[in-house]
Amino acid sequence: VAMAYLAWRLAQRWCPSSLQVISFPVVQLHLNRTAMRASQKDFENAMNQVKLLKKDPGNEAKLKLYALYKQATEGPCNMPKPGVFDLINKAKWDAWNALGSLPKETARQNYVDLVSSLSSSLESSSQVEPGTDRKSTGYETLMVTSEDGITKIMLNRPTKKNALNVEMYHEIMHALKAASKDDSAITVLTGNGDYYSSGNDLTNFTDIPPGGVEEKAKNGAILLREFVGCFIDFPKPLIAVVNGPAVGISVTLLGLFDAVYASDRATFHTPFSHLGQSPEGCSSYTFPKIMSPAKAIEMLVFGKKLTAGEACAQGLVTEVFPDSTFQKEVWTRLKAFAKLPPNAMRISKEIIRNREKEKLHAVNAEECSVLQGRWLSDECMNAVVNFLSRKSKL
Ligand SMILES: CCCCCC/C=C/C(=O)SCCNC(=O)CCNC(=O)[C@H](O)C(C)(C)COP(=O)(O)OP(=O)(O)OC[C@H]1O[C@@H](n2cnc3c(N)ncnc32)[C@H](O)[C@@H]1OP(=O)(O)O
């Protein structure tokens with residue numbers, strides 16, 4: 001009786017009555033069409049939801065909404081740039097133009113995510129007790145959503161190519177800790193706009209505390225160690241959806257992810273020597289293991305930039321997708337993964353990763369200590385000054 005009951009429950013779960021008599025390929029077609037319709041419908045719902053927001057989301061969020069709406073409905077910005085004195089239209093133009101060639105479908109998805117994140121932070125902020133940390137309800141530099149068993153952490157500074165400022169490091173740690181405890185099965189990190197991330201925000205180096213550059217370097221190393229530690233210890237499957245170019249720490253961390261899906265527009269670049277710096281994110285250990293010591297040295301020491309195809313051939317990327325279908329294909333796959341039994345996935349990850357954990361923490365500590373020294377070097381300071389004074393880019 002128990003077996004029959006189980007079989008009946010499984011049949012109910014996997015074969016909703018409306019699809020029971022339809023053969024497999026037709027079911028696939030039906031599901032795909034439903035997913036596409038749902039996406040357009042989500043977009044329309046989100047547009048209505050914006051009108052119902054009880055609080056003003058602020059100018060920055062409104063500009064992001066405007067830009068994503070225009071990109072989703074009209075594609076890349078090809079309007080003439082407004083004059084410098086036309087402040088409002090120039091700000092709108094800048095926000096839209098910053099989205100570059102972001103595909104309409106991605107812009108639509110990002111718009112939906114932004115509205116969902118604004119709705120939850122603005123609605124729930126009314127319930128926050130005085131003194132409660134703002135980050136427990138909303139994020140300044142991220143969009144975090146949780147649905148279909150997936151917690152999505154989206155880096156959200158598209159006008160700065162998603163460079164990681166100090167606030168973003170803290171918010172990512174906060175989001176990862178929350179995701180490790182929520183009821184999602186998998187966690188995804190991705191970027192908003194045309195970049196995945198341009199790596200460490202080089203203006204992080206400009207805010208010097210009273211203790212001088214030594215104190216700055218020491219604090220940076222402490223923050224970096226804690227930040228990378230969160231990735232080493234993350235208990236659920238952690239997946240990177242690399243939507244565009246990735247630089248620096250956003251690349252090195254990929255060695256700690258469980259799967260890396262990349263658009264064919266993505267590139268992978270770790271110009272540490274150019275910046276007078278040294279590898280972090282445990283890449284000095286993970287990269288030689290993943291891709292052989294010689295290939296790791298080409299990337300980490302000589303700063304060779306890899307295409308997505310090359311990164312895949314070397315094992316850093318799990319699979320590459322054409323940019324035009326990237327979001328659709330990847331999210332379909334992730335939604336399927338997220339339906340797998342979460343405890344089994346967590347335990348399997350643990351058994352695969354745990355024996356390396358101690359080693360990874362030791363590598364992380366060593367890399368941070370070496371970097372602390374590099375940040376005080378003339379080589380590093382000159383490279384940062386050159387970037388900030390617009391004398392050099394990568
Ligand atoms: C707690 C500390 C931990 C430290 C960990 C150690 C980590 C190390 C690293 O990650 S090393 C890598 C650092 N990253 C870089 O060196 C990238 C620098 N950026 C560039 O070279 C270029 O901006 C680019 C190639 C990424 C993109 O070029 P382009 O397409 O021409 O765009 P713009 O240069 O006009 O950029 C637009 C806008 O974004 C700002 N920006 C981009 N990247 C960064 C960055 N990493 N830090 C700060 N700001 C960045 C850029 O300045 C522009 O801003 P603006 O419009 O001028 O206000």
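Provide the packing ranking of 334-345, 365-376, i.e. peptides ordered by the mean count of other C-beta atoms within 10 Å per residue, highest first.
Numbers: 334-345: 14.2, 365-376: 16.8.
For the peptides 334-345, 365-376, the packing ranking is 365-376, 334-345.
Wrap a convex hull around the Cα atoms of the range 142-393, take a quarter of its surface area, and give that in square nanometres. Present the calculation step by step, with values, prior to reporting the outcome.
Values: hull surface 51.1 nm².
Its Cα hull, projected and averaged over all orientations, spans 12.8 nm².
Starting from the Cα-Cα distance between residue 329 and residue 101, subtract it from 0.36 nm times their residue separation and give me the gain in nm to one decimal. Don't skip to the answer; put the middle values down first.
Values: separation 228, 0.36 × 228 = 82.08 nm, distance 1.89 nm.
Here the segment from residue 329 to residue 101 would lengthen by 80.2 nm.
Highest first, please rank the peptides 274-286, 207-219 by the mean number of other Cβ atoms sitting within 10 Å of their residues.
So the peptides 274-286, 207-219, ranked by packing, come out 274-286, 207-219.
Kindly flag which residue pairs out of 64/305; 218/359; 41/304; 236/328; 64/328 have an alpha-carbon separation exceeding 32 Å in this structure.
Working: 64/305 30 Å; 218/359 22 Å; 41/304 43 Å; 236/328 23 Å; 64/328 22 Å.
Table pairs above 32 Å Cα-Cα are 41/304.
With a ≥ b ≥ c the root eigenvalues of the C-alpha gyration tensor of the range 245-376, is it rounded (a/c under 1.5), prolate (a/b larger than b/c) or oblate? Present the calculation step by step, with values, prior to reporting the outcome.
On the way: a/c = 2.34, a/b = 1.29, b/c = 1.81.
Oblate.
Once the cut-off is 22 Å, how many percent of the Cα-Cα pairs in the range 166-298 end up in the long-distance tail?
The answer is 40 percent, as a whole percent.
Students often check this: by mean Cβ neighbours within 10 Å, which of 178-186, 150-158, 73-81, 308-316 ranks highest, and how do the rest follow?
The peptides rank, most packed first, as 150-158, 308-316, 178-186, 73-81.
Kirkwood Rh over alpha-carbon pairs of the range 221-265, then Stokes-Einstein at 10 °C and 1.306 mPa s: what D in µm² s⁻¹, rounded to an integer? Mind dumping the intermediate values first?
Values: Rh = 11.4 Å.
In µm²/s, the coefficient rounds to 139.
Since every read-out is calculated from the coordinates, none of them should be taken as a lab result. On a predicted model such as this, the values are computed, not experimentally measured, just so you know. Every residue, glycine among them, receives a Cβ derived from its backbone with ideal geometry; neighbour counts consider all protein chains shown.
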